[in-house]
Each structure stands twice: as structure tokens, then as C-alpha cells.
Amino acid sequence: MPPESASFLPSSLDDVARHYLLNDLLRGVSRSFYLTLRVLPQPLREPISVAYLLARAADTLADTTAVPMLKRSAALQQFHAQLQLDKASEAVLERLREAYVDRLDHIAESELLTKLPALFELFARQTGPDRALIRSVVLTLIEGMLSDLENFPAPMNDATTVTALPDEQQLARYTYLVAGCVGEFWTKISIAHTDELRAWGEAEAQYSNLGIHFGQALQMTNILRDVPRDLRLGRCYLPQLWLDEAGLTAGALLNANNSASAQPLLIKGIDVALAHYASAEAYVTALPRRCVRLRLAALWPLLIGLKTLVQLSQQTEWLEVRYVCKVKRGWVYRMMLLSCGVVFANSLLRWWCAQLRRGIVRPS
């Protein structure tokens, strides 16, 4: 049944346009996550893809440094307001596009903003319950993006202007706002569309909490991987309390020669991530074995995340901006192939995760 707002929508979103949004455009902006989206069960692909595209558009508005911070904040607030309407204003969406499109280097991101009216139309065509879940998660993500702009108001203008989050509570809040909420959304919408998860629906809070930790694990991994690049934007997501314990300043992390002395920070971050990954492992193994596609969609980011932590722990020049920690494509493809054979066996999945964790190098 179409959502109640469909009667107010123009009929411009034909099958060709819808296919383009959910396939070609999605592939262009989602990078490796596209593989996860494609393996999802059919009923989940469209609502999760729509949520991803909306979040990616908001992220583009937030992260385009060629646009001044105050204008980025205003653009996010406008985007936030449009999401709460039954029918978004094409005039407002066009103004957002015009403010950004000539300042974007990435062609796919530019195309995404160009297609905002069609994307919002596709969003309005989701069922009422799906639309509510999509709206909730994207609004939460935007809250995290606005918090980011508030905590790190401008790119640094000298070698000392780097701001760190104050403590672990703020780090936990940040990782929830920009990733943990996605695990929560993923769990709720999976329950809504999957008969085999009926038992999960009876304990939704428990599984949603595991999903939250899953998202936080992935975001903590991203934080550790992106430290050198974030520092040059004036951002340090490692808490000031950790820096104080290590006898370092956020500005000192700009110097790659401090990689060895900063190793305790990396290990502390890895330990935080591993605690979250324990919940992610519990999440995957709790999925019914007959939900093969859901299991694979959750297993792949879990294994890639753990492999990324292994590589980070082995990197002697962690703070070197020229070093990009990225799991090799060949490893990813082999992992995907092997996962199809072990996805049904929880004992093998736990063994695989344990093997990866044992590969993490700690200072002697």
C-alpha cells in the first residue's frame, strides 16, 4: 500500500529514475558498502538504500570544506527541516544544490545533490512505518554532523589549532550519533521486514543495543584509521583525557615522528573498538541461520573492521598522513567467498573473529 503522502507527489519518479537512484547513483556514492546493500534480502534493500542516500547527501553538505562552516550548518538545518515534511520543497532542495554543486570535486556527490528532489520523492513513497524509521535515523545522523561542526568549528589555521573531544562519554555519544544509531535502525527495520526475526521483535531493546554497539565498533575503527587526516582538519576524536594520560597534546599528533609515543592511544582505541566488536559478533551469531543474506550483510563489515584493526596495530607510522590503512581488495573478495561456506556455523564464525583478534600487535 502506498504511503498516505503519495497522493501529493508528482509522477516524475518513473521506474527508470528509481532504478538509477537505487543502483547507478548508489554504487557511485557508497563505495564498498554497496556490496553489503546488494546482498540484503529484497524487502530491505530499498528502505535501507534510501536511508543511506539521504545520509550521504547530508554528509556531503556537512563535509564540503569549500563551503564556510556557518553555511554548512545552515544547509544541514534546512535538510533536517525538509525531512520532517510530508512533501519536501523543491525550491529549498534546489537552493541547497546550487550552493554546493560547483564546489564538489566528486562527480557522484554532485549528482547526488542534483537528484535531491527525486530522492525525497522516493523517500515519501516508502511505507509509513519505513518512512518513520528512515526519518528517525537520518535526523539522528544530522544531529551528529551538527555536533561535529559545533565541536570543530573551523579547519585549523596553524599547527596547534587541533581540538580534542573532552572525554570517553563524549566519544561514546559521538559514535552513537554518527553510527550506533544506524545499527539500531538496521535492527528495527530488519525485524519489521523479516518473519524469521519474530523472536527478536519480542526482545527488540536487547538486539537494538547490540546493533548500536556494532555501529560504534565500525565508527571507532574509522576514527583510528582517519586520525592523521582528521587532525589536519582540526579534529581529534581521541579524548583529551587519553592525551593527558599519554603526556601528549592533540597538536603533537600532527608530527608523524610521535607515532611510537602515541602507540598507547592507538591500543586504547583498539580496545574500545574490540569491546564493541564483541557485541557485533554476538549480533551476527544471534541471527537465525536461515537468514543467510542478513548474516552475510552483517558479517562482512565485522570481519573487515577487525582486519582493519589488525593492520592499524601493525603500522609503525600510524600518524603518517601519507599512510592509508585499507584492507586489500583481494583479501575482501577471498573473505566474501569463504564467508559463504561458514556463514551457517557459529563456531567457525567465532573462530574466525578470534583469529583476527589474535593478529592485533600490542607493545611488549
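Values computed for the structure shown
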{"read-out": "Subset of region 316-331 [at pLDDT below 95 and part of a helix (DSSP H, G or I)]", "value": "ARG329"}
{"read-out": "So ALA91, is it among the hydrophobic types (A, V, I, L, M, F, W, C), outside the structural domain of CYS236 (by TED's automatic domain parsing), assigned to a helix (DSSP H, G or I) and crowded, with 17+ Cβ neighbours inside 10 Å", "value": "no"}
{"read-out": "Test: residue in region 212-228 that is surrounded by 18 or more Cβ atoms within 10 Å (Cβ to Cβ) and more than 23 Å from LEU356 (Cα to Cα)", "value": "yes"}
{"read-out": "Residues being surrounded by fewer than 20 Cβ atoms within 10 Å (Cβ to Cβ) and of a type in the set (Ser, Thr, Tyr) - total across region 157-193", "value": "3"}
{"read-out": "Any hit, region 327-343, residues being in contact (Cβ under 8 Å) with a residue 24 or more places away in the chain, farther than 21 Å from SER32 by Cβ and surrounded by 11 or more Cβ atoms within 10 Å (Cβ to Cβ)", "value": "no"}
{"read-out": "Filter pass, GLN84 being at pLDDT 95 or above and either exposed (fewer than 14 other Cβ atoms within 10 Å of the Cβ) or among the basic types (Lys, Arg) (or both)", "value": "no"}
{"read-out": "Condition broken by THR64, with the remaining ones in (1) over 22 Å from the mean Cα position of the chain (by Cα); (2) more than 27 Å from GLN126 (Cα to Cα); (3) of a type in the set (Ser, Thr, Tyr) satisfied", "value": "(1)"}
{"read-out": "The listed residue being within 19 Å of GLU46 (Cα to Cα) and in contact with a helix residue (DSSP H, G or I) (Cβ under 7 Å, 6 or more places away or on another chain), out of VAL182, VAL178", "value": "VAL182"}
{"read-out": "Selection status of GLN82, free of Cβ contacts under 8 Å to residues at least 60 places away in the same chain and in a helix (DSSP H, G or I)", "value": "yes"}
{"read-out": "Tabulated pairs, region 176-187, first not assigned by TED's automatic domain parsing to the domain that holds LEU53, second modelled with pLDDT under 95 and not polar (S, T, N, Q), C-beta under 8 angstrom, 6+ apart or interchain", "value": "VAL178/ASP148"}
{"read-out": "THR114 vs. criteria at pLDDT 90 or above, polar (S, T, N, Q) and over 29 Å from TRP300 (Cβ atoms)", "value": "yes"}
{"read-out": "Check on ASP102, closer than 30 Å to LEU224 by Cα, modelled with pLDDT under 95, among the charged types (D, E, K, R) and out of contact with any Cys (no Cβ under 8 Å at 6 or more places or on another chain)", "value": "no"}
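The values are calculated or read from the model by the stated rules, or taken from the named source; none is laboratory data. Predicted, not measured: the structure shown is a model, and the values here were computed from it. So basically every Cβ, Gly included, is an ideal-geometry build from the backbone, and we count neighbours across all protein chains shown.
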